[in-house]
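Visitor: Here it is, the structure in full.
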Amino acid sequence: MKVGVLISGRGSNLKALIDACASPGFPAEIVLVISNKADAGGLQIAKGAGIATRVISHKDYDSREAFDRVMDQALRDAGVEFVCSAGFMRILSDEFVEKWRDRQLNIHPSLLPSFKGLNVYARAIEAGCKVSGCTVHFVRAAMDEGPIVAQAAVPILEGDTPETLAARILEAEHRIYPEALRLVAEGRVRIVDERTVIG
Ligand code: GRF
């Protein structure tokens, strides 16, 4: 399965996906990495792995739709069949989401449906949660919503700061995103009534 990855920054989840795709028999291949930011660290990671990259700045377009159409075209030109958002910090238009419906995953650093949006680590600590975690889900029009493919629970420890919790959750992200992509690429994930059934 030919995969395109959308990023905006550091790219550690991209790296985890690249490493997984390099393992023998992995059923997916990353053919394009798109960043909306020219200085995203993930671009160097992709280049280092010999993967094609594109910088498409949202600032060059008048509307979200116009920006998304250019991304969509770049993905299609590269033969992409499936999209993984990995720290892509733009809200996608309904049009883009529908074009890639059931063919796009996202990773979010909380146990959805808890703590959608930003500042998730501080909010989980502030709420006194004893566990948080991460979620890989299919993308729907509403932010951080969509059928869940994989989750990992991560303990919140006494004295955790948003930074220490983020680092612990990130390790789990790097484990479950490749696992989720593998399941999807193997055709083992069905969506039934907006929930996944994994066979
Ligand atoms: C991750 O925590 C991811 O869950 C969130 O943004 C962060 C991206 O980190 N959506 P990286 O760029 O993959 O290192």
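Visitor: Measure out, as a whole number of angstrom, how far apart the alpha-carbon centroids of segment 143-168 and segment 39-55 sit.
Guide: Segment 143-168 and segment 39-55 have Cα centres spaced 26 Å from each other.
Visitor: Between residue 73 and residue 193, what is 0.36 nm times their sequence separation minus the Cα-Cα distance? Round to one decimal in nm.
Guide: 40.2 nm
Visitor: Nearest 20 debye, what's the magnitude of the dipole of the chain about its Cα centre given +1 on Lys and Arg Cβ and -1 on Asp and Glu Cβ?
Guide: 260
Visitor: When the label point is put 7 Å from the Cα of residue 153 along its Cα-to-beta-carbon vector, which residues of segment 115-138 have a backbone N closer than 14 Å?
Guide: 129-134
Visitor: How far is helix 64-77 tilted off the main Cα axis of the chain, in degrees rounded to 10, range 0 to 90?
Guide: Orientation of helix 64-77: about 70 degrees from the principal axis.
Visitor: Next question, about the same structure. What do you get for the angle between helix 162-185 and the principal long axis of the chain? Use alpha-carbon atoms, 0 to 90 degrees, nearest ten.
Guide: Roughly 50 degrees, rounded to the nearest 10.
Visitor: If you don't mind, there's one more thing I want to ask. In the chain, what percentage of the DSSP-assigned beta bridges are antiparallel, given to the nearest 5?
Guide: Counting only bridges with both partners in the chain, antiparallel ones make up about 50 percent.
Visitor: Is the shape of the chain rounded, prolate or oblate, going by the alpha carbon gyration tensor and its root eigenvalues a ≥ b ≥ c, with a/c under 1.5 for rounded and a/b larger than b/c for prolate?
Guide: It comes out rounded by the Cα gyration axes.
Visitor: Sort 47, 130, 37 so that the residue with the fewest other Cβ atoms within 10 Å of its own Cβ comes first and the one with the most comes last.
Guide: With the sparsest Cβ surroundings first, the list reads 130, 47, 37.
Visitor: Okay, moving on. How high is the FRET efficiency between residue 186 and residue 49 when r is their beta carbon distance and R₀ equals 22 Å, given to the nearest 0.05?
Guide: The formula returns an efficiency of 0.50 here.
Visitor: What lysines sit close enough to residue 59 to cross-link, taking a C-alpha to C-alpha distance under 21 Å and skipping anything fewer than 8 places away on the same chain?
Guide: List returned: 37.
The numbers here are math on the coordinates, done by the rules we state, and not lab data. Remember, predicted model here, so these are calculated numbers, not experimental data. Here the Cβ is made from the backbone with ideal geometry for all residues, glycine too, and neighbour counts use every protein chain on show.
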